[in-house]
1. Rg over Rh of the range 23-63, using C-alpha atoms and the Kirkwood radius, what does it come to?
2. Modelled label-to-label distance, GLU36 and PHE24, 7 Å Cα→beta-carbon offset: nm?
Amino acid sequence: MKNRERQKIETKNKTRRSIVNISFPTEITCPVCGYEVELWTGEDETRCYICGYKIFQKETTIH
């Protein structure tokens, strides 16, 4: 394999890895005051900006 071909393959692999690490918010409603709060991917918990209630990722899952 030529050196240029190897560099192209390595560049493609690096691009794919960086896309996986993008985080985005999920809006959830505080169970205490009803305010919309953002919970970012990769976070296990967040606090309500209004009442200070600690909301956990597991609370957003319906069982």
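Quick note: the coordinates plus some simple rules give every number you see, no bench work behind them. Nothing here was measured: the structure is a model prediction, and the numbers come from that model. For neighbour counting, all protein chains shown are included, and Cβ atoms are generated from backbone atoms with ideal geometry for every residue, glycine included.
1. The Rg/Rh ratio comes out at 0.93.
2. Placing both labels 7 Å along Cα→Cβ, they lie 1.6 nm apart.
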